Amino acid sequence: MTLSEFQFEGLLATALHVLAASIATVHVLLRKRDVPAAIGWIGVAWLSPIFGAALYFAFGVNRVHRKARRLRGVRPSKTPSPDARELQPQERLASAIGSITGLERVDGVVEAVLQSGDEAYPAMLAAIAEAKVSVELSTFIFRTDEAGLPFVEALAAAHRRGVAVRVLIDGMGGGYFRSAAWRALVRRGVPAARFLHSAWPWRMPLLDLRLHKKALIIDRRAAFVGGLNIAAENLLARPTRWPVRDTHFRISGAVVDQIADSFDEDWAFTTGGDIEDTPSTPTADGPRARAIVSGPDQAVDRLVLALLSAVSSARRTIRIATPYFLPDERLVTALQVAALRGVEVSLVTPATNNHRLVAWASDAHVRPLLESGCRLYRSGPPFDHSKLMTIDDIWCLIGSANWDARSLRLNFELTIELYDAALATRLSDLIDSKRAVPFLLEDLDREPLLFKLRNASARLAAPYL
């Protein structure tokens, strides 16, 4: 008895499905540490014949491996000193983050706190115009509008006068199909590259792994870091359809070397080039600082571990301002525990968000915090893109990372921790000034059932929002 052609094709399809699902399952079991994600991907692989396994290998596998390494070798994590338990909370935190990052604390002075593009862009353009040796720019969004064109011209002018200029633009945020800023720079002869981008879809790595860093490095002596992209919506003095408030910083000191090292690795990874061995700036007296470079290519979740260490070190206050709040349960639990042991935990998010799904999911995510006594607030318009955190008015964190899965797990991010009481107090006051409207547990309870279901459904997509 022979099989019909239809039966043979059915058996072949079944065999291919079992083989593909089995391979995907083995890969998940060996590589995925997050249990819910692992269960979800295994279910998708088996319940969706062929397509489920293809979906996993297209979107569930981290293929990013750093080709770039510092010439002086990968810095290993430090081993905490045996007497770390005898240190004060601030020093214990410094020891923990040193072990997480493998970097020493060095001097880092925030010379200016700049509000939105109105203050930041003129300062950044002036710094580019004054550069003598080098200019490195890393950004997620770079538009050729009234904000971006002056940067294109300033970078081109610096290149023409002999300054070593390099510009790195994210391959998705900078425009996947047409990056006008990249084209404009290349036409002017400026060395520019697009991070994780290819014109051929099959050569494009995972679409959700993005370069989210914002850093402008001048002569390796000063750097501008924070959350500010290069786009006209950041110019609040000029009305736009969707204005964005943000906070950026000019910083100097030996920590600029750590910021520059991060750029060098990203540039070498993107272009396939080598990293030049540049002398480090000797550390000096002054406030201590350290770069926290995080991304999906790292063996440990550096940023998550640093945030957990900071939250657990708090004795009096934790203040956070973030445009998107969708952290995993580890961070939610840490904030709950802090509030329950008497720490005043304040979280500020925008009243109106530019990503509705994120806002809906966030509303379904914050109930445990409210029930534990954390204080939540909404900031008034316009949409606030600032990323700020302070602990006990002693320690602060600035940079590009949001409190969401994309920043904590998928993006390549750059944040700076600073042990500067004067700056921490200033940033705490800034966070407090954003607290326009309290968001209470009663507000959640009063929402219609349909809204609650909508928010809870959106929260299921939190790992990829």
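The values are calculated or read from the model by the stated rules, or taken from the named source; none is laboratory data. The structure displayed is predicted, hence computed values, not measured ones. Note: ideal-geometry Cβ built from the backbone for every residue, glycine included; neighbour counts use all protein chains shown. What goes into the accessible areas is simple: the full protein's heavy atoms, side chains included, and nothing from ligands, DNA or RNA. Shrake-Rupley method; radii C 1.70, N 1.55, O 1.52, S 1.80 Å.
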With the first residue restricted to region 341-362 and required to be closer than 26 Å to Ser312 by Cβ and hydrophobic (A, V, I, L, M, F, W, C), and the second required to be in a strand (DSSP E or B) and open to solvent by 20 Å² or more (accessible area, probe 1.4 Å), Cβ contacts under 6 Å at 6 or more apart or on different chains are Val348/Tyr377
Filtering region 1-42 down to residues that are in contact with a helix residue (DSSP H, G or I) (Cβ under 8 Å, 6 or more places away or on another chain), within 27 Å of Asp301 (Cα to Cα) and modelled with pLDDT of 85 or more, which residue is surrounded by the most Cβ atoms within 10 Å (Cβ to Cβ)? Ala24
Only one of Val152, Val190, Val106 that is modelled with pLDDT of 95 or more and under 30 Å from Pro382 (Cβ atoms): Val152
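Look through region 111-169, keep the residues that are touching a Lys or Arg at 6+ places or on another chain (Cβ under 6 Å), within 23 Å of Pro243 (Cα to Cα) and among the aliphatic types (A, V, I, L, M), and return whichever of them is least open to solvent (accessible area, probe 1.4 Å). Steps first, answer last, please.
Initially, region 111-169 is screened for residues touching a Lys or Arg at 6+ places or on another chain (Cβ under 6 Å), giving 111-112, 116, 136, 138-139, 156, 169.
Still in the list and also within 23 Å of Pro243 (Cα to Cα): 112, 116, 138-139, 169.
Now narrow it down to the ones that are among the aliphatic types (A, V, I, L, M): 112, 169.
Numbers: Ala112: 29, Ile169: 0 Å².
The qualifying residue least open to solvent (accessible area, probe 1.4 Å) is Ile169.
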Residues of region 293-314 that turn out to be open to solvent by 40 Å² or more (accessible area, probe 1.4 Å) and in contact with a strand residue (DSSP E or B) (Cβ under 7 Å, 6 or more places away or on another chain), as a count: 1
Neighbours by Cβ (under 8 Å, 6+ apart or cross-chain): first from region 87-99, farther than 16 Å from Cys396 by Cα; second among the β-branched types (Val, Ile, Thr) and not in a helix (DSSP H, G or I): Ser99/Thr79
Wholly within region 98-199, which helices (runs of 4 or more DSSP H) include no fewer than the required count, namely at least 2 residues that are acidic (Asp, Glu)? 116-130
Residues that are under 23 Å from Arg92 (Cβ atoms): find the strands (runs of 3 or more DSSP E) completely inside region 299-389 holding 1 or more of those. 317-321, 344-350
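Being among the hydrophobic types (A, V, I, L, M, F, W, C) and surrounded by 14 or more Cβ atoms within 10 Å (Cβ to Cβ) is the filter here; which residues of region 421-460 pass it?
Within region 421-460, Ala421, Leu423, Ala424, Leu427, Leu430, Ile431, Ala436, Phe439, Leu444, Phe451, Ala456, Ala458 qualify.
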Only one of (1) closer than 30 Å to Asp107 by Cα; (2) at pLDDT 95 or above; (3) not aromatic (Phe, Trp, Tyr) is not met by Leu376, so which one is it? (1)
